[in-house]
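Accompanying notes for the structure given below.
The values are calculated or read from the model by the stated rules, or taken from the named source; none is laboratory data. Bear in mind the structure is a predicted one, so any value in this text is a computation, not a measurement. Heads up, the Cβs are rebuilt from the backbone with ideal geometry, glycines too, and the neighbour counts pull from every protein chain shown.
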Amino acid sequence: MKRLLRLFFCLNLIVGTARAEEAQTFDRLIFHAAPKPLAVKAKTSDWPRVIGPHDDGSSEETPLLKAWPGSGPKAVWEVAMGEGYTSPAILGDFCVIFHALEKKETVECLHRETGRRFWIKDYPIEYQDRYGFGSGPRGSPVIADGVVVTLGVTSMLHAFDLKTGAELWKHDLRKEYNVPQDFFGAGSSPLIIDGRAIVNVGGKAEPFDGFEDRQERARKLAAKGVSVAAFDLKTGEVKWKVVDEWGASYASPVPAKLHGQTKVLIYAGGESDPAIGGLLCIDPVTGTVHDRFSWRDEEYIQSTGSSPVVIAEKSRAFISTVYPKNRPHGGVMVEYDTSFKAKEVWHSTKIACHWMTPIYQDGHLYAIDGERENNSRLVCVNADTGAEVWSKNVEWEDAAFATAQGRSKPVRLSILRASMLRADGAVLCLGEIGSLHWLKLTPQGCEEINRSQLFYALNTWSLPALSHGLLYVRQQAEGLDRKSGTRVICYDLRGE
């Protein structure tokens, strides 16, 4: 048996090497060092969607490296990138990245272990963020059945062949469905399920010319339009449409097993005045809307990027908004009956997430609560009752950064509005300014297993991707120490 395992491992290496030779090096790639071989009994997984293979920020990968030197885990490769707040998608040998480079939305397919490029596709865009947070895409690429689907910041929906990069089909959703620019452009990642790409479109009945006064814009935003649509994955044909006044949020649709049946949960809620939106429960085959659970404050300027958290064994789902936290908004747990109608189980202002999707583990939710850096905190909440179990500010003193900034005293840093994923019996946490942590989260508290500063950069907001023992981290701003720019970095987390 051991000899067979070794032979299988060697064959995998040969196949991987052959695949790598098909990809080409390019000027934005820096290759650092090859990763360690996978452990013989390693469990690996793809990461084909923005919050992971199970749509809940978790992976069965093991063993993973939990101890590394102060400099952090070893970098395998890095690729300079343009603007955007996206995570990579990984399937097999392929790693797909999506960003805006020289006023073009750019999709690139890289070899996951070398960073070499199989193909690149781009198209021009005209977009300027209204709040100055960058003009690149917010929605991450999604891969299934040999197809890559992307939803750009201007609502351009594309499908590409994973192996060749050939364009299979496209839809200009803004033109076809009168999608407004919204606060930060389009930002929801599609969901591919049963041969359909399901998109929170956020369309309206009338087009927007960009010159409306606030009253006229509010009237148009209040009108019904195509809120959600499903497209045939291979052809782009529209399979069904949901017409609703709820617009497009920045959260991604997730599949949900409710009473043994697969449904799709979508937090819908784009720009509107006053703000409206909530949780849709939809049949993925027919597009039938089973339920609309309203959950949004009336405050005009707000966006939601936290995807629903499904607790299948109880046919429950948790959603969260952060604008504002006062009652009744924040987080709410709902339970679906056998007709797929939702009722509130509890709500709490103690768990209000800006864009990170909470982690559900052993009857508890772990999340970053807070809209802004100065009021963010890590919280643990009982998923049955909504009671806060504990909260913690994960902080430390950093002398090296203080020295680089010309300060005499250590600077106190924090994870701030971090992202988290669960794997190998612990939680990987990527802090908002580039710190990487292994955390042990239990109802008893938070134990920090390891920590390192990968880089010093603001706006580190995208969830890392984990696949085949490699961690893919997106740096979305220039380093505060002026030593690094926007990039994606592949780190070796393969354990023994």
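Just a few scattered comments:
- Apart from one condition, Leu421 fits all of (1) touching a Leu at 6+ places or on another chain (Cβ under 6 Å); (2) under 21 Å from Gly70 (Cβ atoms); (3) not hydroxyl-bearing (Ser, Thr, Tyr); the exception is (2).
- The lone exception for Val179 - which of (1) within 21 Å of the chain's Cα centre (by Cα); (2) buried (at least 24 other Cβ atoms within 10 Å of the Cβ) it fails: (1)
- Residue under evaluation His290, criteria (1) touching a residue at least 60 places away in the same chain (Cβ under 8 Å); (2) surrounded by fewer than 19 Cβ atoms within 10 Å (Cβ to Cβ), criterion not met: (1)
- Criterion violated by Pro137 - all others in (1) in a strand (DSSP E or B); (2) within 22 Å of Ile51 (Cα to Cα) satisfied: (1)
- Strands (runs of 3 or more DSSP E) enclosed by the stretch 395-496 - at least 3 residues per element that are more than 27 Å from Gly139 (Cα to Cα): 395-398, 411-414, 435-442, 445-453
- In this entry, Ser452 is excluded by the filter for residues that are in contact with a strand residue (DSSP E or B) (Cβ under 8 Å, 6 or more places away or on another chain) and under 30 Å from Ser135 (Cβ atoms).
- Flag for Phe160 being hydrophobic (A, V, I, L, M, F, W, C) and in contact with an Asp or Glu (Cβ under 9 Å, 6 or more places away or on another chain): yes
- Residues (out of contact with any Ser or Thr (no Cβ under 7 Å at 6 or more places or on another chain) and not in a loop (DSSP other than H, G, I, E, B)) located in the stretch 47-79: Ser58, Thr62, Leu64, Ala75, Val76, Glu78, Val79
- Breaking point among (1) surrounded by fewer than 23 Cβ atoms within 10 Å (Cβ to Cβ); (2) touching a Pro at 6+ places or on another chain (Cβ under 8 Å); (3) outside any strand (DSSP E or B), for Thr262: (3)
- Selection of first residues in the stretch 230-244 that are touching a residue at least 60 places away in the same chain (Cβ under 8 Å) and farther than 10 Å from Gly195 by Cα and of second residues that are surrounded by 14 or more Cβ atoms within 10 Å (Cβ to Cβ) and not hydroxyl-bearing (Ser, Thr, Tyr), restricted to Cβ pairs under 6 Å at least 6 apart or on distinct chains, gives the following pairs, ordered by first then second residue: Gly236/Trp169.
- Restricting attention to the stretch 179-193, the residues that are touching a strand residue (DSSP E or B) at 6+ places or on another chain (Cβ under 9 Å) and closer than 20 Å to Ser135 by Cα add up to 6.
- Within the stretch 268-376, strands (runs of 3 or more DSSP E) holding 3 or more residues that are of a type outside the set (Val, Ile, Thr) and either more than 24 Å from Lys257 (Cα to Cα) or at pLDDT 95 or above (or both): 278-282, 289-294, 316-320, 331-336, 342-348, 364-369
- Test set (1) touching a Cys at 6+ places or on another chain (Cβ under 7 Å); (2) closer than 25 Å to Met356 by Cα - Asp182 fails condition number: (1)
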